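The values are calculated or read from the model by the stated rules, or taken from the named source; none is laboratory data. This is a predicted model, so every value here is computed, not measured. Glycine also receives a Cβ, built like all others from the backbone with ideal geometry; neighbour counts cover every protein chain displayed.
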Amino acid sequence: MNALELAEHFTAEFRTRPQVFSAPGRVNLIGEHTDYNDGFVLPAAIGFYTRVAVAGRTDDTLAIRSTRFPESYEFDLTALPQTRLGKWCDYVLGVASILQRAGWPLVGATLLVDGEVPIGAGLSSSAAIEVATALALSNLAGKKLALPELAKLCQKAENEFVGARVGIMDQFISCLAKEGHALLLDCRSLDFELVPMPEDVKLVICNTMVKHELSGGEYNRRRAECEEGVQILAGFYADVRALRDVSGDQLRAHSEDLPPLIYKRCLHVVEEDSRVIDAVRYFRSGDVPSVGRLMRESHRSLRDLYEVSCPELDVMVEAAEGLPGYIGGRMTGGGFGGCTVNLVEAVHAQTFAQAILERYRMKTRILPETYICSPADGARMEMG
Ligand code: GLA
């Protein structure tokens, strides 16, 4: 549904004209599991948006509806829940609750949500709904917030309300993405640079259609393993606060001082940070094949060192090899299912998408989805 259609839907239902805000899902080109280690990431927004239509009301109620789910919810703004309910409205409610806790004078509102970002595919449908909601509620409260601050509040909603200890990448790119560009983000300082993507290259995203249940618990476990590594390494290097501060040489010098599993996790993160910086350099110099090589290395590292891939993701990555126009690819996002991202020459993108679909289906008996994307714009008000 585009903004106009959503607004019409809203007006028909609630007899008042809404404002409409939108925020995109994302794909990460390289830099996986580095954000919560204060490192670097290189995501881009994709052209799937979540839209929130909103209008104020005269009472203290927050009413939440969706065009996709039948359930509707109403909450009293003076007594908002402080933790998740286990329903789809959690992301909206979480943002409202965190905004309020941060001192925002929220006013009664009716929200209608329409999401086109595939859910559970690792393309950050949750960040998209959070960011669109935050824009909607903050505008209605009559206060504008700088986008990086808005991203941080949305991350806080996910960390503290929903209970997922995610990093800042997804919310940040959903806020600040720019058409035609990937975004290099320093997850410590939140400094960022836009990196132009070659126009003759498409991002072909391949959805394995699986999401293994262990993802949430394993994600938190990886974070804890990284923290353990930092604790040990800080004993040798006083200024190490996060894996971001550790060089490859420093890590290798202490390979015997870390439990083998912790060493593997740290090695992935430290090398992945360097791959991000190298990938940006290669993009800037027009050496896209070298970016492709780094993406393949990233996948192997996520599979063998960080151990967050799964058989379906590996099949999808292998299925790309040898197809015309394929430059490089890897799993993207947290892992244990979801999507791969592939750089493909634009002229071959359609045939690539079709061929990889067949190959994956032959091997797994699962019919995947493929999305041919170019980097899209970040969050905005679509109708004022
Ligand atoms: C999920 C999280 C992100 C990031 C990735 C892994 O998508 O939401 O913050 O940690 O996993 O790179």
Fill in: Test: D249 is closer than 22 Å to I30 by Cα, surrounded by fewer than 13 Cβ atoms within 10 Å (Cβ to Cβ) and at pLDDT 95 or above
yes
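Here's the yes/no breakdown for (1) touching a residue at least 60 places away in the same chain (Cβ under 8 Å); (2) more than 17 Å from the chain's Cα centre (by Cα); (3) buried (at least 19 other Cβ atoms within 10 Å of the Cβ); (4) away from the ligand (no atom under 15 Å from the Cβ):
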site	(1), (2), (3), (4)
P81	no, yes, no, yes
K87	no, yes, no, yes
L93	yes, yes, yes, yes
A121	yes, no, yes, no
L137	yes, yes, yes, yes
A141	no, yes, no, yes
Discussion item. I'm checking my understanding of the structure. Among residues of segment 212-245 that are within 22 Å of T332 (Cβ to Cβ) and of a type in the set (A, V, I, L, M), which one is farthest from the chain's Cα centre (by Cα)?
Written reply: L243
Worksheet item: Which of the helices (runs of 4 or more DSSP H) contained wholly in segment 247-325 include at least 1 residues that are farther than 26 Å from T370 by Cβ and in contact with a strand residue (DSSP E or B) (Cβ under 6 Å, 6 or more places away or on another chain)?
Response: 260-285
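For residues in segment 170-187 being touching an Asp or Glu at 6+ places or on another chain (Cβ under 7 Å) and away from the ligand (no atom under 14 Å from the Cβ), which is farthest from G25 (Cα to Cα)?
This residue is L184.
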Item to complete: Please determine, by comparing only the residues of segment 16-40 that are in contact with a Cys (Cβ under 9 Å, 6 or more places away or on another chain) and in a strand (DSSP E or B), which one is farthest from the ligand (Cβ to nearest atom).
Response: A23
Practice prompt. Sort through P198, P148 and tell me the only one that's in a helix (DSSP H, G or I), in contact (Cβ under 8 Å) with a residue 24 or more places away in the chain, more than 13 Å from the ligand (Cβ to nearest atom) and not hydroxyl-bearing (S, T, Y).
Written response: P148
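Give the number of residues within segment 41-62 that are under 14 Å from G115 (Cβ atoms) and within 16 Å of the ligand (Cβ to nearest atom). Explain how you work it out, then say what you get.
Step one: of segment 41-62, the residues under 14 Å from G115 (Cβ atoms) are 46-53.
Then keep just the ones that are within 16 Å of the ligand (Cβ to nearest atom); that gives 46, 48, 50.
Adding up the residues that qualify gives 3.
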